[in-house]
Amino acid sequence: MTLRNLLLGAAFVFATPALAATTASKSFTGATANLAPNDPAGQWTRQARDYANTRYSPLAQINKANVGRLRIAWSFSDGQMYGHEGAPLVVGDTMYVVTPFPDIAYALDLSKPGAPIKWVYQPNPDPRAIGKACCDKVLRGWAFADGKLIYNLLDDHTVAVDAGTGKEVWRVQLDDVTKGPTMTQAAFVVGNKVYVGSSGGELGTNGWFQALDIKDGHTVWKAMTNGPDAGALIGPDFHPFYSFMQGKNLGETSWPTDAWKHGASAPWGWVSYDPDLNEVYYGTSNPGPRTSSQRPGLNLWSAAVFARDADTGAAKWAYQFTPHDEWDYDGVNENVLIDIPWKGGHRKVMVHFNRNGFAYTIDRTNGEVLVAKPFGYQNWAKEIDLKTGMPVINDAAHPIVEKKVTNICPPDIGVKNWNPSAFSPRTGLLYAGVFNSCMDLTNHIVEYIPSSPYDGMEMARHAGPGGNWGEFIAWDPVAGKRVWSIKENLYVWSGAVVTGSDLVFYGTMDGWFRAVDARSGKVLWSQKLGSGITAAPMTFIGPDKRQYVAVYAGVGGGAGVIRREKGYMPGGNTLYVFSVDGNGIGNGTSQLVSQAGAAAPVSVPPAAAHN
């Protein structure tokens with residue numbers, strides 16, 4: 001049965017003049033989205049809430065009139081000090097959270113005072129994974145489906161846990177961590193399949209993406225990123241829009257001999273699904289090694305996005321954002337699926353904020369790029385040629401072995417990283433945390449050594465024009481332009497959530513959690529938390545019929561590249577849950593007591609501390 005059948009500091013705001021003419025209910029763009037599977041409004045069962053990756057919630061109890069009264073209702077510390085990057089899930093009266101390594105899962109009882117622990121699941125992953133993870137020992141999310149909590153372990157296992165009891169239902173090993181691959185991606189579930197991808201391109205692995213059966217975890221199909229067409233599930237149904245990606249076995253022949261075997265291109269980011277087309281979409285990472293002169297050629301299918309049949313894995317089309325990537329511009333960021341008015345008609349598109357600084361609006365039926373405009377500061381390319389699909393590169397941006405090339409913008413970390421954006425069908429805009437920085441780059445020749453870093457790039461990063469490291473922006477995906485922006489001192493590395501009351505929530509690396517008017521960009525509320533925020537917020541309705549907003553504060557992951565900048569906060573591990581006036585299950589006028597069903601495991605300091 002097919003999936004289609006299964007699924008019936010101070011902030012400064014800069015606004016364009018068009019804002020003044022926009023009414024409180026009018027869409028800026030006319031863009032809409034299919035919010036399937038249309039879960040109950042008060043629940044949050046997957047990281048982006050829907051298959052389209054919008055992170056839109058229709059909830060509106062918390063609104064512009066009362067958002068200034070948000071207070072902490074309760075909090076939960078999980079004891080782990082690696083970076084926290086996932087959003088909690090809520091199903092019924094239970095919240096589910098999973099820590100970074102060692103990937104401990106908790107179920108919290110929202111019906112009882114203080115949300116005590118219902119159960120704890122400890123998977124005890126292989127500690128050797130700690131030494132293989134590139135950018136902290138993180139986990140970017142987990143999923144709820146079929147009565148199970150499903151997520152990846154750093155040591156290349158995927159697990160399914162009974163959501164009611166915390167007992168392991170199945171556990172499958174998908175790779176060998178001792179050879180370099182790890183898994184940090186959020187599992188993505190549609191119908192009877194669980195979609196997962198590998199991490200670890202920095203160690204010279206070859207990325208893969210696969211679908212598992214939700215009942216027992218066995219592999220239904222698996223697609224390698226690089227190599228011959230057969231392994232990549234590229235066949236007669238594969239029709240890239242642009243000629244430079246048309247041909248046989250390009251995942252092999254666009255590399256030097258056998259270099260694809262260590263060509264990285266790991267799909268460690270987000271997955272989207274279109275129930276009408278029955279296709280899944282995901283991106284791939286930078287090629288390896290990062291020293292580009294060692295791998296002449298286009299290096300397909302690195303730094304690209306794939307569209308695949310959700311049932312068979314057969315590739316339908318692909319688009320490579322940064323051919324022969326010379327700057328570590330991964331293509332793994334979220335693909336937000338929306339429908340837009342276009343030249344008198346409508347197009348089914350995906351919107352992708354790439355590390356390379358261009359925001360792409362792509363026809364998701366065939367891979368044609370309709371819009372590609374800078375959404376932040378960049379100088380590596382003059383433009384994206386919409387006729388060829390290729391970037392027009394500035395000659396001064398090419399790296400040179402053993403010579404420093406200065407002021408390449410953006411640096412390897414991008415104008416935006418994995419931190420997910422949000423889309424509102426009410427405003428027709430996307431909202432994203434972005435970066436403003438550049439790098440001085442020196443490349444070095446490196447040798448491939450199995451299970452060891454395969455890199456070669458030496459970077460010195462600095463803030464871009466204006467001196468601020470980050471911003472939070474509203475983006476028009478049809479016109480390809482900013483609508484408003486909020487400057488922040490440091491990178492804005494959190495995800496975003498936007499609600500039915502036209503509020504957008506995001507966090508900063510210096511610990512501020514903010515609510516913003518989605519139409520004007522006016523900051524309506526800020527709360528300082530105990531650590532920087534590199535996780536995605538979410539919102540839900542509790543058993544008391546009250547709306548809450550939740551976010552983890554625990555800075556880490558790739559955000560640590562600017563850990564020596566003023567304002568960068570200590571690590572943390574606390575989930576903060578807010579409500580209007582702080583009312584709810586976490587406080588009261590009498591002696592409240594916890595009614596826990598389990599004890600938390602003893603917290604142990606990380607085996608490998610941050611440098």
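The values are calculated or read from the model by the stated rules, or taken from the named source; none is laboratory data. Here the structure is a predicted model, which is why all the values come from computation and not from measurement. Cβ: placed from backbone, ideal geometry, glycine included. Neighbour counts: every protein chain shown. Accessible surface areas use protein heavy atoms only, side chains included; no ligands, DNA or RNA. Shrake-Rupley method; radii C 1.70, N 1.55, O 1.52, S 1.80 Å.
Summary of values
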quantity: Column: log10 I(q)/I(0), Debye, Cα scatterers of the range 25-87, q = 0.17 Å⁻¹; calculated: -0.92
quantity: Percent carbon-and-sulfur accessible area, the chain, ignoring ligands, DNA and RNA, probe 1.4 Å; calculated: 52
quantity: Distance between modelled label sites at LYS481 and HIS239, nm, 7 Å Cα→Cβ extension; calculated: 3.5
quantity: Three principal axis lengths of the range 259-308 [C-alpha, angstrom, descending]; calculated: 42, 17, 14
quantity: Where labels lie 7 Å past Cα in the beta-carbon direction, separation of ALA65 and ASP276 in nm; calculated: 3.6
quantity: Rounded Å value of the spacing that divides the Cα centres of the range 203-259 and the range 535-587; calculated: 38
quantity: Full-extension gain in nm, ILE449 to LEU35, via 0.36 nm per residue minus C-alpha separation; calculated: 144.5 nm
quantity: Per-pair calculated FRET efficiency, R0 = 25 Å: SER77 and ALA598 via Cβ, rounded to 0.05; calculated: 0.95
quantity: Protection-proxy order for peptides 232-239, 300-307, 200-207, 549-556, each taking the mean of Cβ atoms within 10 Å per residue, highest first; calculated: 300-307, 549-556, 200-207, 232-239
quantity: For GLY597, net neighbour charge (Lys/Arg +1, Asp/Glu -1) across residues whose Cβ lies under 10 Å away; calculated: +1
quantity: Alpha carbon convex hull of the range 491-542, volume per residue in cubic angstrom; calculated: 85
quantity: ASP385 paired with GLN591, simple spin-label distance in nm, labels 7 Å along Cα-to-beta-carbon; calculated: 7.7
quantity: Highest average packing first - 210-218, 380-388, Cβ atoms within 10 Å; calculated: 210-218, 380-388
quantity: Per residue, in Å², the accessible surface of the range 20-580 once ligands and nucleic acids are set aside, probe 1.4 Å; calculated: 29
quantity: Over the range 34-154, relative contact order from alpha-carbon pairs under 8 Å, at least 6 apart, %; calculated: 23
quantity: Chain lengthening between ILE393 and TRP342 when straightened (0.36 nm per residue, less Cα-Cα); calculated: 15.6 nm
quantity: Two-decimal Rg to Rh for the range 149-196 - Kirkwood Rh, Cα set; calculated: 0.99
quantity: Alpha-carbon Debye profile of the chain, log10 I(q)/I(0) at 0.05 Å⁻¹; calculated: -0.19
quantity: Normalised per residue, the volume of the convex hull around the Cα set of the range 448-513 (Å³); calculated: 201
